[in-house]
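Written below as C-alpha cells is the structure these notes are about.
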Amino acid sequence: MAIVTAKHVSRIQATVVCAKANGSQICIRSGGDDYEGLFFILDMFNLRSIILDVSRKKAWVQAGATLGELYTKISDASETLAFPAGVCSTVGAGGHISGGGYGNLMRKYGITVDHVVDALLVDVNGKLLNRDTV
C-alpha cells in the first residue's frame, strides 16, 4: 500500500495515470477517513484552500478542506450566509460532497450536492475536467 499526499492537482493527475498503468485501484481520502486497504490512497489533505465570493454567494472549496474549515471561513466572512452540509467538522469536503452531503439544513435547503455548480475532476486518463470541458 502507498499513500500519496498531493500538494498540487498535477500530482493527482500523475497518481491516477500511474495507478492505471499498474492496474491498481485508488482510494481517495479527503479529510480523515476512507481507508479500504487498496494499493494507493490518494490523500487530499494538502489541497484545502477555500475561496469565498460573498457578493455572489459562491465558494471554491478544495477536496481536502474540512467542513469545519468551510464553516469557519463562511462565518468569518458573513453573518447571514451558511452552507447546508454535515455536522461532523472533521469530514473532508470532497468526501462529503461526493457522498451527497446530508446535514441539518437539508429539509429546508436540500443536500450539499444540490448546491454544487462546478467541480474540477480528474478522469481515468489524468485529464482535468470541469463544466467547460465536458
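Within the range 90-134, how many residues are farther than 26 Å from Gly23 by Cα, acidic (Asp, Glu) and more than 14 Å from the chain's Cα centre (by Cα)?
2
Taking the condition of being within 15 Å of the chain's Cα centre (by Cα) and assigned to a loop (DSSP other than H, G, I, E, B), how many residues in the range 1-33 meet it?
Looking only at that region, the number is 7.
Given the conditions (1) part of a loop (DSSP other than H, G, I, E, B); (2) touching a Gly at 6+ places or on another chain (Cβ under 8 Å), report the number of the one that Val117 does not fulfil.
(2)
What tally of residues in the range 124-134 results from selecting those that are without any contact (Cβ under 8 Å) to a residue 12 or more places away in the chain and either of a type in the set (D, E, K, R) or exposed (fewer than 12 other Cβ atoms within 10 Å of the Cβ) (or both)?
Initial filter on the range 124-134 (without any contact (Cβ under 8 Å) to a residue 12 or more places away in the chain): 129, 132-134.
Filter once more, so that each one left must be either of a type in the set (D, E, K, R) or exposed (fewer than 12 other Cβ atoms within 10 Å of the Cβ) (or both): 132-134.
Going through the range 124-134 one residue at a time, the tally reaches 3.
This table checks each residue for (1) within 30 Å of Gly23 (Cβ to Cβ); (2) surrounded by 18 or more Cβ atoms within 10 Å (Cβ to Cβ).
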position: Leu42; (1), (2): yes, yes
position: Leu52; (1), (2): no, yes
position: Lys58; (1), (2): no, no
position: Leu67; (1), (2): no, yes
position: Cys88; (1), (2): no, no
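Looking only at residues in the range 104-114 that are outside any helix (DSSP H, G or I) and at pLDDT 90 or above, which one is nearest to Ser30 (Cα to Cα)?
It comes out as Ile111.
Going by the structure shown, is Ser98 outside the structural domain of Ser10 (by TED's automatic domain parsing), surrounded by fewer than 19 Cβ atoms within 10 Å (Cβ to Cβ) and over 23 Å from Arg11 (Cα atoms)?
Against the criterion (outside the structural domain of Ser10 (by TED's automatic domain parsing), surrounded by fewer than 19 Cβ atoms within 10 Å (Cβ to Cβ) and over 23 Å from Arg11 (Cα atoms)), Ser98 does not qualify.
Does Lys127 satisfy the criteria of being among the charged types (D, E, K, R) and farther than 26 Å from Thr5 by Cβ?
No, not satisfied.
The values are calculated or read from the model by the stated rules, or taken from the named source; none is laboratory data. Here the structure is a predicted model, which is why all the values come from computation and not from measurement. With ideal geometry, Cβ positions are generated from the backbone for all residues, glycine too; neighbour counts draw on all protein chains shown.
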